[in-house]
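Visitor: Mind looking over this structure? Questions follow.
Just so it is clear, none of the values below were taken in a lab; they were calculated from the coordinates. All values derive from a computational prediction rather than experimental measurement. Please note: Cβ atoms are built from the backbone with ideal geometry, for glycine as well, and neighbour counts cover all protein chains shown.
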Amino acid sequence: MPNTELHETAAALVAEGKGILAADESTGTIKKRFDTIGVESTEENRRAYRNLLFTTPGAEEYISGVILFDETIRQKADDGTPFPELLASKGVIPGIKVDEGAKPLAHAEGETVTEGLDGLRQRLEEYRELGARFAKWRATYSIDAEKPSEYCVWTNAHALARYAALCQEADLVPIVEPEVLQDGTHTIEQSRKATGRVLQAVYRELHDQRLDFRGTLLKPNMVLSGYEASDRASVDEVAEVTLECFYKHVPAAVPGVVFLSGGQSDEDATAHLNAMNARGPHPWQLSFSYGRALQAPALKAWVGKPENVEAAQRAYYHRAKMNGAARTGMYAPEMEREAVPA
Ligand code: 13P
C-alpha cells in the first residue's frame, strides 16, 4: 500500500516558493568552513552557528526543511529546545544525513563509493525517534576521459537504492543525492553525458529495489561546464542542457528535484535555478537544497562573534528569499542590490 505520509512529506519539502537548507556538514567539512573565517571548530561553536541559522526570524517563509548532521540532531538551541523540536515548531521539517562518506572504491583509482549501509536500519529508527522525517545519502562521481566508470556508476546506484528502500521502510523520505562533481576542465556536453548515465543507473536501481518514487526526492548536480573550463556555458545554456538531461532520465512520478549548489557562487546557483523554473511548468518541482550557496554570506558576516549574529541572520534570510524567488522564476539579479541586508 502506498505510504501517504511519505508523499505528503516529500510534497511539503518542495512546497511552492520553498526549498531545503543543507546544514549537515560533517565534523570535517564544517571545520573547513570555519577555517575560512578563522573560527575554531569546537562542539559549542558548531552549535552556536547552527543556532544562528535555525533561529533566523522568518527563514521559514522560504525554507521547508533542514538537513542535520548526527551531532546537530542531538543538540539544543540557546533556550534548551532540541533543534529538531525548534525547527518543527516553525513548520520546518527536520532531516538527517545518514551516509558515512565517500570512500575509495576498490580497484578504481580516483573513484569513490559511499559507505554507511551496515547498521543503517537501526540508525534510521533512532533518527525517526529524534524527529527526522527525511534523510540524505550522497554519492560522488568525477568526470574525465575514463570517469565515471560503469563500475562506479552502478556500485553507487545500488547503494543509493538500498539506502532509499531502508528509509521508506522506516517512514523517512529518502533524498537520493548522486553528485557528479563539476571540478575540472570538462565541457557541458561531457557533464550532460556523465549526469545522464548516473541518473539512468540510479532510477534503474530505485525501480528494481521497489521504491515508491512519489515518496522520494532527487538531489542532483546541475549540468555545468567544469569550473576550470576555458569556455564556460551561460545561464541559459545550463538551464536548457540540465532540463534536457532530466527530461530524459527522471521519472515524472518523482515529486521534486532539489539541486545542490556544489561550489557555484551563491548568485550563480540562484540564477541557474531561476532560469530552469522560468521555462516551466515541469513534471517535477525544481527546488534547492543548498549548503554553501545559502550559508556563505552568513558565515562571512558572523566570523564567530555574537555581536554579528543579527547581520549573519539577515544575510542568510536574504539568500533564502532570493532562492525562494527562483523557485517560481521570479528572481532578477537586481533584487540582490535592492534588498542587500543593512
Ligand atoms: P552544497 O550546496 O554546498 O553543494 O551542499 C549541498 C549538500 O548537501 C552536499 O551534500
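Visitor: Out of (1) within 16 Å of the ligand (Cβ to nearest atom); (2) within 16 Å of L243 (Cβ to Cβ), the odd one out for A293 is which?
Guide: If we test A293 against (1) within 16 Å of the ligand (Cβ to nearest atom); (2) within 16 Å of L243 (Cβ to Cβ), just (2) comes out false.
Visitor: In addition: Of the residues A102, A77, A108, which single one is of a type in the set (G, A, S) and in contact with a Cys (Cβ under 7 Å, 6 or more places away or on another chain)?
Guide: Values: A102 fails: in contact with a Cys (Cβ under 7 Å, 6 or more places away or on another chain); A77 fails: in contact with a Cys (Cβ under 7 Å, 6 or more places away or on another chain).
Going through A102, A77, A108 in turn, just one is of a type in the set (G, A, S) and in contact with a Cys (Cβ under 7 Å, 6 or more places away or on another chain): A108.
Visitor: Out of the residues in segment 66-108 that are part of a loop (DSSP other than H, G, I, E, B) and of a type in the set (G, A, S), which is nearest to A15 (Cα to Cα)?
Guide: Top of the filtered list is G91.
Visitor: Report, ordered by the first and then the second residue, all pairs with beta carbons closer than 8 Å, sequence separation of six or more or different chains, a first member in segment 257-272 that is in contact (Cβ under 8 Å) with a residue 24 or more places away in the chain and within 12 Å of R292 (Cβ to Cβ), and a second member that is within 9 Å of the ligand (Cβ to nearest atom) and in a loop (DSSP other than H, G, I, E, B).
Guide: Cβ pairs passing all conditions: L260/K219; L260/N221; L260/G291; S261/G291; G262/N221; A269/S261.
Visitor: Something else now. Taking segment 1-32, which residues are surrounded by fewer than 23 Cβ atoms within 10 Å (Cβ to Cβ), closer than 29 Å to R210 by Cβ and small (G, A, S)?
Guide: A11, A12, A15 - these are the residues of segment 1-32 that are surrounded by fewer than 23 Cβ atoms within 10 Å (Cβ to Cβ), closer than 29 Å to R210 by Cβ and small (G, A, S).
Visitor: Among the numbered criteria (1) in a loop (DSSP other than H, G, I, E, B); (2) within 16 Å of the ligand (Cβ to nearest atom); (3) not hydroxyl-bearing (S, T, Y), which one does D231 miss?
Guide: (2)
Visitor: If I ask for residues that are of a type in the set (D, E) and farther than 14 Å from R319 by Cα, which ones from segment 48-78 would you list?
Guide: D70, E71, D78
Visitor: While we're on this one: I want to confirm something. Restricting to segment 286-342 and keeping residues that are closer than 26 Å to T42 by Cβ and among the basic types (K, R), which single residue is farthest from the chain's Cα centre (by Cα)?
Guide: If we take residues in segment 286-342 being closer than 26 Å to T42 by Cβ and among the basic types (K, R), then K305 is farthest from the chain's Cα centre (by Cα).
Visitor: Can you find a residue in segment 271-280 that is out of contact with any Gly (no Cβ under 9 Å at 6 or more places or on another chain) and within 16 Å of the ligand (Cβ to nearest atom)?
Guide: Quick first cut of segment 271-280, residues out of contact with any Gly (no Cβ under 9 Å at 6 or more places or on another chain) only: 271-272.
Retained after the next criterion (residues that are within 16 Å of the ligand (Cβ to nearest atom)): 271-272.
Checking segment 271-280: at least one residue is out of contact with any Gly (no Cβ under 9 Å at 6 or more places or on another chain) and within 16 Å of the ligand (Cβ to nearest atom).
Visitor: Pick out, from segment 256-342, the helices (runs of 4 or more DSSP H) lying fully within it that include 1 or more residues that are surrounded by 21 or more Cβ atoms within 10 Å (Cβ to Cβ).
Guide: Correct list: 266-278, 292-302, 309-326.
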